[in-house]
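Reviewing the structure listed below.
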Amino acid sequence: MRVLLVHPSALMYSEIFLRLEPLGLERVAASLLVAGHEVRLIDLQTADIRDYTRALADFRPHTVMFGLNYLANVPEVIMLAKQAKITRPGCLVIAGGHSVSFIAQHLLENCDEAIDAVARGEGEVVAPRILEADWDSLTEVPGAVTRAGSGPPPTMLPTLDEPLPARYLLARRNRYFIGELDPCASVEFTRGCPWDCSFCSAWTFYGRSYRRMSADAAGHELASIREPNVFLVDDVAFIKPDHGNAIADQIERRGIRKRYYLETRADVLLRHPEVFQRWRRLGLTYMFLGMEALDAEGLDLFHKRISPDENIKALELARKIGITVAVNLIADPAWSRDQFRLVRQWALSVPEIVHLTVMTPYPGTEIWHTQSQKLTTLDYRLFDIQHAVTPTSLPLDEFYRELVATQAVLNRKHLGVKALAATARIVAGHLTHGQTNFLRMLWKFPRVYNAARLHAEHGQPAHYCLPAPTHAGVSHRRRELYIHQPIHTSFHKD
């Protein structure tokens with residue numbers, strides 16, 4: 001069977017700071033190839049609609065599968081699905097991915113019948129099973145959802161060691177980057193998160209399970225990557241220090257020389273500094289820490305289970321090790337001018353890269369059930385953690401002016417003319433190899449992060465919307481949020 005996999009276009013955040021390869025779809029592609037299908041993959045972050053149109057006409061797919069990891073891409077995917085149905089009458093159209101797994105039935109009932117089925121859960125498992133099944137028996141496939149009903153809960157991959165991503169299916173790999181790591185590939189050593197932050201759906205998707213790729217498989221995959229830079233997409237890197245050290249052993253044994261960017265938690269860094277010190281020697285250059293809040297009240301609200309002092313100590317430790325840190329703070333729509341001002345002052349006082357995202361109740365998160373009764377919109381496109389979708393204390397236009405003014409600290413410290421002067425050698429090296437992603441990033445901020453643009457987007461008509469939430473707490477039924485049923489791990493806390 002001919003299968004066309006499609007990743008939708010970039011969201012606002014990706015217009016500036018990063019553009020990551022569609023690792024999940026690459027792994028789904030690999031699983032479909034193993035099952036004997038003919039597969040093509042298009043990433044609309046780097047391709048355009050003409051490439052998609054041409055693939056429908058020339059490749060003539062029997063099935064079109066869309067990756068839907070972000071709610072803001074839903075309207076675009078519905079329009080692309082409609083185009084597939086017109087160009088290839090009778091083709092099967094499937095959507096899968098993280099975010100769509102939480103809204104599967106609603107999407108199918110509100111997509112003008114452009115999408116035939118949703119693959120819930122890990123796509124490497126459910127996608128081949130859907131294609132193997134007869135249409136009339138899809139409701140028996142674990143993880144499959146159609147307008148006629150749902151199959152049993154999805155099952156997890158028995159191992160993360162395979163299939164390896166089919167990276168060779170993407171022709172424009174030099175377009176992927178994160179910051180000055182240009183070009184940059186992505187890898188995944190673990191899946192899941194044992195913590196239960198109220199704004200996050202990683203733990204609900206995986207049932208608070210935590211699984212690891214074997215160190216040998218991790219070393220093999222790293223050795224196969226041609227890019228000089230690698231981003232670790234794990235939700236929390238090196239929770240288990242023995243795993244981090246085992247992969248480091250593989251890197252040393254295989255003589256792999258790359259630079260790395262990873263995400264972790266402050267308390268993990270503080271507990272296992274020796275692992276991060278070792279990885280620094282192996283090329284670890286950047287680290288993302290989700291601090292989320294500067295005060296204890298905010299951290300408690302988000303269930304971070306960490307103190308402000310620990311966050312500050314982690315920043316100091318990372319500086320000592322020699323790792324450049326990017327931190328994220330969650331802007332509450334209820335913030336006042338003074339709260340924005342305090343965050344700006346703090347961001348200017350530290351050397352770290354400080355990002356702001358807006359608190360957003362997503363389906364699959366705990367705050368969807370506790371905060372979504374306050375939603376001011378159900379427009380998918382605004383659920384991108386850059387727009388306010390709950391009431392703001394300030395007038396909405398003023399909220400965006402404060403938000404952009406605070407985010408502009410990043411622009412003044414790390415982008416524009418000052419950054420170009422500080423990174424001239426890096427930019428020159430990139431240009432020598434034909435890489436322009438980082439250079440373009442330095443100048444994009446004022447055009448992309450624009451208060452007038454953010455405010456105006458609230459006034460655009462919404463043709464497709466999220467389901468109206470049920471306003472119930474979840475403290476007594478948190479397991480009902482899970483996509484995958486929990487498996488036993490030493491970190492399981494429920």
- Being over 22 Å from D182 (Cα atoms), surrounded by 11 or more Cβ atoms within 10 Å (Cβ to Cβ), polar (S, T, N, Q) and modelled with pLDDT of 60 or more, is that true of even one residue in region 448-462? yes
- Query: Quick one: in region 316-328, which of the residues that are surrounded by fewer than 20 Cβ atoms within 10 Å (Cβ to Cβ) and not hydroxyl-bearing (S, T, Y) is nearest to G179 (Cα to Cα)?
  - Reply: N328
- Taking T377 and the conditions (1) outside any helix (DSSP H, G or I); (2) over 28 Å from G459 (Cα atoms); (3) among the β-branched types (V, I, T); (4) touching a helix residue (DSSP H, G or I) at 6+ places or on another chain (Cβ under 8 Å), which numbered condition does it fall short on, given that it satisfies the others? (2)
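If you scan region 166-190, which residues turn out to be free of Cβ contacts under 8 Å to residues at least 60 places away in the same chain and touching a strand residue (DSSP E or B) at 6+ places or on another chain (Cβ under 7 Å)? Show your work before the answer.
Start the filter on region 166-190 by keeping residues that are free of Cβ contacts under 8 Å to residues at least 60 places away in the same chain, which leaves 168, 171, 189-190.
Selection gives F189, T190.
Taking the residues in region 463-481 that are in a loop (DSSP other than H, G, I, E, B) and farther than 15 Å from I103 by Cβ as candidates, determine which candidate is modelled with the highest pLDDT. Steps first, answer last, please.
As a first pass, look at region 463-481 and keep what is in a loop (DSSP other than H, G, I, E, B): 463-464, 466-477.
This time we only want the ones that are farther than 15 Å from I103 by Cβ, so: 463, 471-477.
On the way: H463: 94, H471: 61, A472: 56, G473: 56, V474: 54, S475: 52, H476: 46, R477: 65.
Of everything passing the filter in region 463-481, H463 is modelled with the highest pLDDT.
For (1) free of Cβ contacts under 8 Å to residues at least 60 places away in the same chain; (2) farther than 23 Å from I483 by Cβ, each residue gets a yes or a no:
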site	(1), (2)
V325	yes, yes
L329	yes, yes
Q345	yes, yes
L348	no, yes
Y362	no, no
T365	no, no
- Would you check if there is a residue in region 156-163 being in contact (Cβ under 8 Å) with a residue 60 or more places away in the chain and in a helix (DSSP H, G or I)? no
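Tell me the residue from P363, P351 that is over 26 Å from V409 (Cα atoms), at pLDDT below 95 and either in the same structural domain as L11 (by TED's automatic domain parsing) or not polar (S, T, N, Q) (or both), please. If you could, list the steps in order and put the result at the bottom.
Numbers: P351 fails: over 26 Å from V409 (Cα atoms).
Among P363, P351, only P363 is over 26 Å from V409 (Cα atoms), at pLDDT below 95 and either in the same structural domain as L11 (by TED's automatic domain parsing) or not polar (S, T, N, Q) (or both).
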- Read through the list (1) under 28 Å from M156 (Cα atoms); (2) without any contact (Cβ under 8 Å) to a residue 24 or more places away in the chain, then give the number of the only condition that D58 fails. (1)
- Task: Filter region 52-83 down to residues that are more than 17 Å from M12 (Cβ to Cβ) and among the hydroxyl-bearing types (S, T, Y) and give me whichever is surrounded by the most Cβ atoms within 10 Å (Cβ to Cβ).
- Result: T63
- State whether one or more residues within region 299-316 are in contact (Cβ under 8 Å) with a residue 60 or more places away in the chain and in contact with a Leu (Cβ under 6 Å, 6 or more places away or on another chain). no
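Which of the residues that make up region 100-146 are small (G, A, S), assigned to a helix (DSSP H, G or I) and modelled with pLDDT of 95 or more?
So in region 100-146, the residues small (G, A, S) come out as 101, 104, 114, 117, 119, 121, 123, 127, 133, 137, 143-144.
Next, only the ones that are assigned to a helix (DSSP H, G or I) stay: 101, 104, 123, 127, 137.
Of everything in region 100-146, those that are small (G, A, S), assigned to a helix (DSSP H, G or I) and modelled with pLDDT of 95 or more turn out to be S101, A104, G123, A127.
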- Query: Any idea which of (1) of a type outside the set (D, E); (2) touching a residue at least 60 places away in the same chain (Cβ under 8 Å); (3) out of contact with any strand residue (DSSP E or B) (no Cβ under 9 Å at 6 or more places or on another chain) is the one V64 doesn't satisfy?
  - Reply: (3)
- Item | Pairs with Cβ under 6 Å, 6+ apart, first in region 30-43 and assigned to a helix (DSSP H, G or I) and modelled with pLDDT of 95 or more, second buried (at least 19 other Cβ atoms within 10 Å of the Cβ) and small (G, A, S) | A30/A166
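Any residue at all in region 315-326 that is under 30 Å from I103 (Cα atoms) and either of a type outside the set (K, R) or outside any helix (DSSP H, G or I) (or both)?
Pass one, region 315-326, residues under 30 Å from I103 (Cα atoms): none.
No; the residues of region 315-326 include none that is under 30 Å from I103 (Cα atoms) and either of a type outside the set (K, R) or outside any helix (DSSP H, G or I) (or both).
Considering each residue of region 287-342, count those that are under 20 Å from L18 (Cβ atoms), β-branched (V, I, T) and in contact with a helix residue (DSSP H, G or I) (Cβ under 7 Å, 6 or more places away or on another chain), and give that number. Working first, answer last.
Looking only at region 287-342, we keep the residues that are under 20 Å from L18 (Cβ atoms), and these are 287-292, 318, 323-331.
Then keep just the ones that are β-branched (V, I, T); that gives 323-325, 327, 330.
Then keep just the ones that are in contact with a helix residue (DSSP H, G or I) (Cβ under 7 Å, 6 or more places away or on another chain); that gives 323, 325.
The total comes to 2.
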- Message: Out of the residues in region 329-370 meeting the condition of being acidic (D, E) and closer than 23 Å to D397 by Cα, tell me which one is surrounded by the most Cβ atoms within 10 Å (Cβ to Cβ).
- Response: D332
- Message: I'd like the residue in region 380-402 that is hydroxyl-bearing (S, T, Y) and not in a loop (DSSP other than H, G, I, E, B) and, out of all such residues, is farthest from T360 (Cα to Cα).
- Response: Y400
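Mind telling me which of the residues R212, R281 ends up being touching a residue at least 12 places away in the same chain (Cβ under 8 Å) and not aliphatic (A, V, I, L, M)? Talk me through it step by step, then tell me what you get.
On the way: R281 fails: touching a residue at least 12 places away in the same chain (Cβ under 8 Å).
Step by step, each of R212, R281 is checked, and only R212 is touching a residue at least 12 places away in the same chain (Cβ under 8 Å) and not aliphatic (A, V, I, L, M).
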- Task: Tell me, yes or no, whether region 114-135 has at least one residue that is surrounded by fewer than 19 Cβ atoms within 10 Å (Cβ to Cβ), under 21 Å from S9 (Cα atoms) and within 19 Å of the chain's Cα centre (by Cα).
- Result: no
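The values are calculated or read from the model by the stated rules, or taken from the named source; none is laboratory data. The model shown is predicted, which means the values in this text are computed figures rather than measured ones. When we count neighbours, we look across all protein chains shown, and the Cβ atoms used for this are built from the backbone with ideal geometry, even at glycine.
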